[in-house]
1. Tilt of helix 59-77 relative to the longest C-alpha principal axis of the chain, in degrees (0 to 90, nearest 10)?
2. Mind listing which trypsin sites (Lys or Arg not before Pro) in the range 27-115 are in a DSSP loop and have 12 or fewer other Cβ atoms within 10 Å?
3. Apply 1/(1 + (r/R0)^6) to the Cβ-Cβ distance of A48 and K114, taking R0 = 35 Å, and write down the FRET efficiency to the nearest 0.05.
4. Using a 1.4 angstrom probe and counting only protein chains, how large is the accessible area of V34 in Å², to 10?
5. Work out how much length I87 to L67 would gain on full extension: take 0.36 nm times their residue separation and subtract the Cα-Cα distance, in nm to one decimal.
6. Using 0.36 nm per residue of separation minus the Cα-Cα distance, give me the extension gain between D3 and V34 in nm, one decimal.
7. GluC sites (Glu not before Pro), restricted to the range 32-115: which are DSSP loop and have at most 16 other Cβ atoms within 10 Å?
8. State the volume of the convex hull built on the alpha-carbon positions of the chain, expressed per residue in Å³ and rounded to an integer.
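The values are calculated or read from the model by the stated rules, or taken from the named source; none is laboratory data. Keep in mind it's a predicted model, so treat the numbers as computed, not measured. Note that we place each Cβ from the backbone using ideal geometry, even for glycine, and neighbour counts take in every protein chain shown. Only protein heavy atoms, including side chains, enter the accessible area calculation; ligands, DNA and RNA are left aside. Shrake-Rupley method; radii C 1.70, N 1.55, O 1.52, S 1.80 Å.
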Amino acid sequence: MTDCIFCRIAAGAIPADIVYQDDDVVAFRDIHPVAPVHLLIVPRKHVANLLELAGHPDGVSLAQAVLRAVPRVAAAAGVDQTGFRLINNCGEDGGQTISHVHFHLIGGRSLGEKLL
Ligand code: AMP
Ligand code: ZN
């Protein structure tokens, strides 16, 4: 079994609070939430980061699967009417700490502190 924590969560090998899953994607609650709703949307396939996803032979279909999951995840978390922010941290300067590409879906309160 891989030692990638998100691969292990996607495989059900370690527990997570999963709010949505399909054949390609799993979404679960971040263990250190920065907002009332803080989910991670993760492709099941191990790809290290957004740049690798873009260059991967299955990258477009994986990105499509993530995009298709967004409204379903937002609805499952109850933020489809109120809005949310979708964030990818890529690489060292992007602050990425887990090398399995993931998208933070954050909401459940007004997110005032915009970077841009
Ligand atoms: P990033 O810093 O963008 O790589 O995001 C990694 C995120 O994964 C952080 O917000 C962590 O709190 C979160 N995280 C790490 N381990 C787990 C876990 N076992 N279950 C849920 N979230 C996790
Ligand atoms: Zn992985």
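1. It is inclined by approximately 40 degrees.
2. Values: sites: R29, R44, K45, R68, R72, R85, R109, K114; in loops: R44, K45, R109, K114.
Qualifying residues, ordered by number: R109, K114.
3. Numbers: r = 28 Å, r/R0 = 0.79.
Once the sixth-power term is evaluated, E becomes 0.80.
4. Near enough 80 Å² of accessible area.
5. Numbers: separation 20, 0.36 × 20 = 7.20 nm, distance 1.26 nm.
Using 0.36 nm per residue and subtracting the Cα-Cα distance, I get 5.9 nm.
6. Numbers: separation 31, 0.36 × 31 = 11.16 nm, distance 2.57 nm.
Fully extending the segment from D3 to V34 adds 8.6 nm.
7. On the way: sites: E52, E92, E113; in loops: E113.
Answer in residue order: E113.
8. Numbers: hull volume 13.0 nm³, N = 116.
Enclosed volume per residue, from the Cα hull, is 112 Å³.
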